[in-house]
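K.L.:
Submitted below is the structure of interest, expressed as structure tokens.
The values are calculated or read from the model by the stated rules, or taken from the named source; none is laboratory data. Just so we're clear, the structure is a prediction, and the values are computed from it rather than from any experiment. With ideal geometry, Cβ positions are generated from the backbone for all residues, glycine too; neighbour counts draw on all protein chains shown. Ligands, DNA and RNA are excluded from the accessible area calculation, which covers all protein heavy atoms including side chains. Shrake-Rupley method; radii C 1.70, N 1.55, O 1.52, S 1.80 Å.
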Amino acid sequence: MSIPTVNPTPTSITAAFDLPKPPGVSWRVRSQQVVDYEVSMTRGLLSTSNSTFAHACGADGKRRTRCLVVVDDAVEQLYGERLRAYFSAWRIAHNWRVVPGDENTKQLDTALGLVDDMSSMGILRRAEKIVAIGGGVVLDVVGMTASLYRRGIPYIRVPTTLIGQVDAGIGVKTGINHGQHKNRLGTYCAPETALIDPEFLRTVDRRHINNGLAEIIKMALIKDSQLFDLLEATVASIDPETLADCGPAGGEILSRSIAGMLDELEPNLWEKVLERAVDYGHTFSPSLELRADPPLLHGEAVAVDMAICVALARNRGLLSEQDADRALTLMNAAGLPLTHPVFTAELLERALEDAVKHRDGYQRMPLTAGIGSAVFVNDITADELRAALSFVAHRDHRAADSHVLESAR
């Protein structure tokens, strides 16, 4: 009987095992990540007869399922009982976490607290989900935490504010603030679904409706002149009730805004291309938003930024005097500020410098080229910023004087 010969393990690395000399060898790895999520508008989301929410949570009403539910404090007060009743009716066991809905919540400590909630719950990595219900702050923090925990677990967005329904709740970006920087830390993480029920807007106060209108006006200015015309015709009657009722005008405003935003986002979800029309109004506003005292809402800061952009476009001949006046008049009629004392020429210059870093060395600043379209510029100067500030300040004072005269009459 012969015994097979076994080659001994080498005791030293010989030339046969040496790495190739430069340039050596290399391996290229290519992969694609499929992004597939749905944005759905539905009425009566919290009605127990409506299965949309339950199915998004993985429930069928027969077998027991679990979710971690994160709601902002305003949602808890207004809808907490209805939400619990809905989950109970559909046999959805839920761990419940309430967080404040203000900008101070967008901190790393909040995300780490949610990580602890998921760990103590023992949430399953694919079969169980996080449900984020509230405004943009909660949606951003939950999305970021979901992307980090075990490198990604599924989550659902239920935006309850206007800005959440047309902007923060329908894309794939997540984020928290760091230092004096808005959304300095963040990820791209698509929800499984975003569920939009205009009924939530009935309990949103007027200031937060105006806050969302800023993002809608943005879409009108850079993409949709018909939406701009519709806003001009209806802005005086837009309020929580008209949007919640979702009549012909309100429904078209919401649907055009959402469709326009998704149309801009879909081809460039990961921001490979840094020239993004949806960055309109977001060059200077991050610096203003975190420095204003008392604090500004996101849309209010965006409006002040957009007013500067309107002036820049007008001064460059990209926007006619008439259209510049129309744009500023619409923002003013929507209850949005056009100026703010924190917005000095020096702050604008610093904000633009920070935007250049964010946009990889170029300004890539979107400006309106007529209402409903945008172009990108890379050569805005400090003198132009000062001239734009002066133009908007003069226009704002003129509007204030006109308002005083109207009141006197």
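K.L.:
Need pairs with beta-carbon distance below 8 Å; first residue closer than 12 Å to Ile222 by Cβ and in a helix (DSSP H, G or I) and within the stretch 263-286, second open to solvent by less than 20 Å² (accessible area, probe 1.4 Å) and among the small types (Gly, Ala, Ser); sequence gap 6+ or separate chains.
P.N.:
The qualifying pairs are Glu264/Ala277.
K.L.:
Does Arg256 satisfy the condition of being touching a Leu at 6+ places or on another chain (Cβ under 6 Å), of a type in the set (Lys, Arg) and either touching a residue at least 24 places away in the same chain (Cβ under 8 Å) or open to solvent by 20 Å² or more (accessible area, probe 1.4 Å) (or both)?
P.N.:
yes
K.L.:
Got a number for residues in the stretch 359-386 being of a type outside the set (Val, Ile, Thr), open to solvent by 30 Å² or more (accessible area, probe 1.4 Å) and touching a residue at least 24 places away in the same chain (Cβ under 8 Å)?
P.N.:
10
K.L.:
Tell me, please, whether a residue that is in contact with a Pro (Cβ under 9 Å, 6 or more places away or on another chain), open to solvent by 10 Å² or more (accessible area, probe 1.4 Å), among the polar types (S, T, N, Q) and closer than 28 Å to Leu336 by Cβ can be found in the stretch 188-204.
P.N.:
Checking the stretch 188-204: at least one residue is in contact with a Pro (Cβ under 9 Å, 6 or more places away or on another chain), open to solvent by 10 Å² or more (accessible area, probe 1.4 Å), among the polar types (S, T, N, Q) and closer than 28 Å to Leu336 by Cβ.
K.L.:
Of the residues Ala345, Ala324, Ala334, Ala303, only one is in contact with a Gly (Cβ under 8 Å, 6 or more places away or on another chain) and of a type in the set (Gly, Ala, Ser); which?
P.N.:
None of the others qualify; the one that does is Ala303.
K.L.:
Moving to a separate point now. Which residues, counting only those in the stretch 147-171, are surrounded by 24 or more Cβ atoms within 10 Å (Cβ to Cβ), modelled with pLDDT of 95 or more and within 11 Å of the chain's Cα centre (by Cα)?
P.N.:
If the condition is that a residue be surrounded by 24 or more Cβ atoms within 10 Å (Cβ to Cβ), modelled with pLDDT of 95 or more and within 11 Å of the chain's Cα centre (by Cα), then Pro159, Ile163, Gly164, Gln165, Val166, Asp167, Gly169 are the ones that fit.
K.L.:
So, one more: Go through (1) within 18 Å of the chain's Cα centre (by Cα); (2) of a type in the set (A, V, I, L, M); (3) at pLDDT 95 or above and name the single condition Leu290 misses.
P.N.:
Failed condition: (3).
K.L.:
Tell me, which strands (runs of 3 or more DSSP E) lie completely within the stretch 134-251 with 1 or more residues that are within 28 Å of Ala374 (Cβ to Cβ) and out of contact with any Leu (no Cβ under 9 Å at 6 or more places or on another chain)?
P.N.:
Filter on the stretch 134-251 gives 181-185.
K.L.:
Considering each residue of the stretch 297-318, count those that are open to solvent by less than 10 Å² (accessible area, probe 1.4 Å) and either under 19 Å from Asp383 (Cβ atoms) or aliphatic (A, V, I, L, M) (or both), and give that number.
P.N.:
13
K.L.:
Considering the stretch 18-65 alone, what residues qualify as being of a type in the set (Val, Ile, Thr), more than 18 Å from Thr193 (Cα to Cα) and touching a strand residue (DSSP E or B) at 6+ places or on another chain (Cβ under 9 Å)?
P.N.:
none
K.L.:
A follow-up question, please. Mind listing whichever residues of the stretch 125-146 are of a type in the set (A, V, I, L, M, F, W, C) and open to solvent by 10 Å² or more (accessible area, probe 1.4 Å)?
P.N.:
Correct list: Ala127, Val137, Met144.
K.L.:
Quick check, is Ile196 within 23 Å of Ser47 (Cα to Cα) and either charged (D, E, K, R) or touching a strand residue (DSSP E or B) at 6+ places or on another chain (Cβ under 7 Å) (or both)?
P.N.:
yes
K.L.:
Here's something else I'd like to know. Test Ala93 against the stated conditions and say whether it is without any contact (Cβ under 8 Å) to a residue 60 or more places away in the chain and among the aliphatic types (A, V, I, L, M).
P.N.:
The answer is yes for Ala93.
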